[in-house]
1. Report the rotationally averaged projected area of the stretch A:29-243 based on its alpha-carbon convex hull, in square nanometres.
2. Distance cut-off 28 Å, Cα to Cα: go down the list B:LYS177/B:LYS302; B:LYS35/B:LYS242; A:LYS50/B:LYS242; A:LYS104/B:LYS38; A:LYS151/B:LYS107 and report the pairs above it.
3. Counting partner chain Cβ atoms within 10 Å of every residue's Cβ in A:135-144, what's the average?
4. Over all residues in B:156-168, what is the mean tally of Cβ atoms on other chains that come within 10 Å of each residue's Cβ?
5. As I understand it, the value is the acute angle between the Cα axis of helix A:226-235 and the longest principal axis of the Cα atoms of chain A; what does it come to in degrees, rounded to 10?
6. What residue among B:GLN296, B:ASN190, B:VAL269 has its Cα farthest toward the positive end of the dipole of the stretch B:174-312, where the charges are +1 on Lys, Arg and -1 on Asp, Glu, each on the Cβ?
7. What's the magnitude of the charge dipole for the protein assembly as shown around its Cα centre, counting Lys and Arg as +1 and Asp and Glu as -1 at the beta-carbon? Answer in Debye, nearest 20.
8. Ordered by residue, what ³J(HN,Hα) values in Hz, to whole numbers, does the stretch B:315-328 give under the Karplus form 6.51 cos²θ - 1.76 cosθ + 1.60, where θ = phi - 60° and Gly and Pro are x?
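The values are calculated or read from the model by the stated rules, or taken from the named source; none is laboratory data. Keep in mind the model is a prediction, meaning the values are calculated, not measured. FYI the Cβ positions are ideal-geometry reconstructions off the backbone, even for glycines, and counts take in every protein chain you see. Protein only, heavy atoms only, side chains kept; ligands, DNA and RNA dropped before computing areas. Shrake-Rupley method; radii C 1.70, N 1.55, O 1.52, S 1.80 Å.
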Amino acid sequence: MKTFRVSVFAFILATFVGCTNNSIQPEATSVNLQFLHLVDNQPLELDNIKYTNAVGQAYSIKTVKYFVSRVTFHKTDGTDIAIPDIHYVDIRDEATLNYELSEKIPYGSYSGISFVYGLVPEDNVTGSLGLELDQLMEWPMMMGGGYHYMKLEGEYISDDVITFFNFHSGSLNGVAYEIHVDLPNSSFDANASNLNVGMAMEISNWFQNPVDWDFAYWGSGIMGNADAQATVQMNGTDVFSVNFPETAL
Amino acid sequence: MRIKAVGSIFLLASALLSCTPDEQPDYTPTAYDLKIPKGFPAMEIPDDNPMTVEGIELGRMLYYDSILDQNQSRACATCHVQEHSFTSVPDVLPHVNLGWSYNWLWKGDVQGSLEDIMEFEVQHFFFTNLDNLKSDAAYLGLFKKAFGTDEITYQHIEMALAQFLRTLNSGNAKFDKVQRGEAQFTNQENLGFELFFTERGDCFHCHATAFFTDGQLHNNALDTDPDPGHFDISGDPLDFGKYKSPTLRNIEYTAPYMHDGRFATLEEVVNFYSEGLQPSPTVDPLMKQLSNGGVQLSEDEKAALVAFLKTLSDEEFVQNPEFSRNTQ
């Protein structure tokens, strides 16, 4: 009889423990990044020379391709949740404008989000990102190898002549110019199964603050120009802002 | 008793196995060990079409046989001639390193795998009549060896052709030997190399290593009133004048050049990119010297660029007997 009682107690205990185990799974949020592209705080209109930079040159945007990597979520308790993903964005490929990170983040209070615009040297290795990106974003070995961080292309008008510009950034001859972005006003609470993070690129900021970009001065191609790469890096720190839309794009 | 039981199970299993519809005693394909040129990425091969010696041999037979053509008047090799890096006439792209391609034909008519483009070629270009193959005893045997089938289908033809085409890989040109430290560029070739891979000449954006193509479609400023290009496929006005960037590997052997074969020599091509660009609404912004007519190369630079392009010639590839018609 005593044995029976012990057995019943053990069974009930096991049942409760089983239930408890199921219910104490750490709660976590899947994060969906949504990429938005603005000029002068309005949605970008491609292929239209309707914008004006800080030095008075009219310009258009035709191509926006770039890498976002190493997204990191900073908890208020001081711990960081770093996601190892590398994501490629092409404004003309809608499938790239939404991206669910490969790892969830635990519920809790977060003080902010940071990420790398481009690729850190450990990630910037020729041949490591697959055939299509090798071909689309190659940064030739002649200039140090790896990948373009960004291809931003369009037209500008100078002296009444319409000229293409290729605002391409990347690591040049072993010097890395990736941008470590701390998103302003990016604190949030993770307390639901999904979180949408809207990452908005204000394209006009590439061309100002601290350096007003003169297309004619820098020329149409800047890949081999270390000063230009450093300037792009400086101007890029305030290009992104963040919001937390309730619905996915 | 135990022995009897085991024996019974063995007999039963044997009987069941022998009754399966997949029973193909003659089907013993030999796995093919594809050699990838050094410096090339791995090739993705579909799980449902692994490369076999028998499949490749069948694909090779079909490639050179006009039996695929509804009228039996031409074969793949009629237009894709080995000594010209498997091209010949202007509107035919070369068959080289296609195992890494995903955008097909000049206008980007088809996207997908080699099997997908072979489906297009077999069923919508050649309009292959399967009865011609089914009535050929030699092919019945070859399909049996390659795929273990008595029933020849379009899919088997496409798979065999895809297997053969995955072997047509060119990666042993002087350029490759220099990359491997086995050869050196001349001074002129080296200047051409620098022009090619910097924004001075700016060839690399559309002709990226290792395949010397980016696999994409561009309007490269050939005409102020360009041919439709990818517009014919997509209907999108933004695609007007866009054609696939061809590989530059073996470019020395593939004249004439451009989608319409308008340039007879490499010198003419370089002259065009140097000072012959023409504006039109959909020109790719990568043609960033459009407003100057081109990249404005000196005569020495032009000669250097041509010299470099000729380092992409892989003589071994265009003479490899494994890729030629099997005359045995």
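1. Values: hull surface 47.3 nm².
Hull-based average projected area comes out at 11.8 nm².
2. Working: B:LYS177/B:LYS302 23 Å; B:LYS35/B:LYS242 34 Å; A:LYS50/B:LYS242 25 Å; A:LYS104/B:LYS38 39 Å; A:LYS151/B:LYS107 24 Å.
In this structure, B:LYS35/B:LYS242; A:LYS104/B:LYS38 exceed 28 Å between Cα atoms.
3. Details: counts 14, 5, 2, 7, 3, 11, 4, 7, 4, 0.
Mean number of neighbouring Cβ atoms from other chains: 6.
4. On the way: counts 0, 0, 0, 0, 0, 0, 0, 0, 0, 0, 0, 0, 0.
Average per residue, whole number: 0.
5. 50 degrees
6. Result: B:ASN190.
7. Working: 33 positive and 79 negative charges, 432 e Å.
Using only the charged Cβ atoms, the result is roughly 2080 debye.
8. 4, 4, 5, 6, 10, 5, x, 5, 9, 8, 4, 7, 8, 7
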